[in-house]
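A.B. asks: I have a structure I would like to understand better, so I am pasting it below and will then ask my questions one at a time.
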Amino acid sequence: MAIGFVGLGNMGAPMAANLARAGHAVLGYDVVAAAPEGVERMASLEELASRADTLITMLPNGPIMCEVIHDLLSHAAPGTLFIDCSTVDVASARLAASDIAAAGHAALDAPVSGGTGGAAAGTLTFMVGGEDADFEHAKPMFDIMGAKAFHCGGSGSGQAAKICNNMLLGISMIGTCEAFALADGLGLDRQALYDVVAASSGQSWSMTTYCPVPGVGPKTPADNDYRPGFAADLMLKDLSLSQQAAAASGVATPLGRHAQTLYDAFVANNGAGRDFSAILEHLASKKADV
Ligand code: NAD
């Protein structure tokens, strides 16, 4: 039997190609995209499901993922392992997992961090929700597509971990950009701020690994005219998912909500398609109401 891979876009294509390169028989299906080298393209979800014992999905959002899972369920062999690597809302992940279990199959939600570069290099981080045994079964595949895989708990826990992480990332990137904007206003050299923060309590991944300022710190999208990297649109998607989850669970996340508002405004004002760290320019152009 083979691995069936649905969604051969920016992330799915290199992930499927890595599985094929590692010696797996990989079958692919996408409504638009072509199959990458080593992956056999199927004409329908039915054909894909009937020839695979593991089905991986890498799709744009929860409604599309649920629709695809629904179609796959009618054709999958008993005991098929479903692994959804898309970033979707926690409610859709739990709904899909319960439908999959009710049909006699196994389900893992396994969203990733690491972007297209990590997908190509096979260095993604997987955050996984589901049963222990299913995680162990899938681990060798995660090890091919990624560098780390964390089993976070039951169904939906992978998506929960992903949106908590990305809400924190959005907030910390905005905080880092605000610090640079304030430094500019105070006449403090950007390199000097970086050197101090990198060795002080304000240090974060947004500052020292993904510095939003060109020419400061390691090479980042800021040094490549803010070409993504991690697009602002995807950050906005993840912040919106975090706010959907916060509302559904009755948890107050005021900074997460404000980060969503700021990314919404940035994406609407020429931020679409740019790296999420380019919000630096958007924030630096604002003048305080005094
Ligand atoms: P993408 O738009 O490049 O790929 C999605 C693919 O799904 C497309 O090729 C599209 O044709 C296909 N598709 C849509 N509907 C379909 C259907 N009904 N049946 C079959 N195929 C269908 O998106 P991407 O960048 O690869 O992202 C995929 C997922 O990974 C998203 O949930 C995204 O949030 C998440 N993600 C992306 C990144 C990133 O940096 N791009 C990083 C982490 C997570």
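What follows draws every value from the coordinates through simple rules; no lab data is involved. None of these values were measured; they are calculated from a predicted model. For neighbour counting, all protein chains shown are included, and Cβ atoms are generated from backbone atoms with ideal geometry for every residue, glycine included.
A.B. asks: When you look at Thr116, is it touching a helix residue (DSSP H, G or I) at 6+ places or on another chain (Cβ under 9 Å), within 13 Å of the ligand (Cβ to nearest atom) and not in a loop (DSSP other than H, G, I, E, B), yes or no?
C.D. replies: Considered against the rule, which asks whether it is touching a helix residue (DSSP H, G or I) at 6+ places or on another chain (Cβ under 9 Å), within 13 Å of the ligand (Cβ to nearest atom) and not in a loop (DSSP other than H, G, I, E, B), Thr116 comes out as yes.
A.B. asks: Here's something else I'd like to know. If you check Lys139, Lys162, which single one turns out to be closer than 30 Å to Ile100 by Cα, of a type in the set (Lys, Arg), free of Cβ contacts under 8 Å to residues at least 24 places away in the same chain and out of contact with any Asp or Glu (no Cβ under 7 Å at 6 or more places or on another chain)?
C.D. replies: Just a single option satisfies the conditions, and that option is Lys139.
A.B. asks: Here's a follow-up. Restricting to region 227-254, and then to whatever is of a type in the set (A, V, I, L, M) and more than 20 Å from the chain's Cα centre (by Cα), can you tell me which residue is farthest from the ligand (Cβ to nearest atom)?
C.D. replies: Of everything passing the filter in region 227-254, Ala252 is farthest from the ligand (Cβ to nearest atom).
Residues checked against (1) closer than 17 Å to Ala106 by Cα; (2) within 14 Å of the ligand (Cβ to nearest atom); (3) surrounded by 15 or more Cβ atoms within 10 Å (Cβ to Cβ):
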{"residue": "Ile3", "(1), (2), (3)": "yes, no, yes"}
{"residue": "Ala13", "(1), (2), (3)": "no, yes, yes"}
{"residue": "Ala17", "(1), (2), (3)": "no, yes, yes"}
{"residue": "Met42", "(1), (2), (3)": "no, yes, yes"}
{"residue": "Ala49", "(1), (2), (3)": "yes, yes, yes"}
{"residue": "Leu55", "(1), (2), (3)": "yes, yes, yes"}
{"residue": "Asn61", "(1), (2), (3)": "no, yes, no"}
{"residue": "Ile69", "(1), (2), (3)": "yes, yes, yes"}
{"residue": "Pro78", "(1), (2), (3)": "yes, no, no"}
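A.B. asks: Can you tell me how many residues within region 175-233 are assigned to a loop (DSSP other than H, G, I, E, B) and basic (Lys, Arg)?
C.D. replies: 2
A.B. asks: Oh, and also: If you go through region 106-118 one residue at a time, do you hit one that is surrounded by fewer than 23 Cβ atoms within 10 Å (Cβ to Cβ) and touching a Pro at 6+ places or on another chain (Cβ under 8 Å)?
C.D. replies: Yes, region 106-118 has at least one match.
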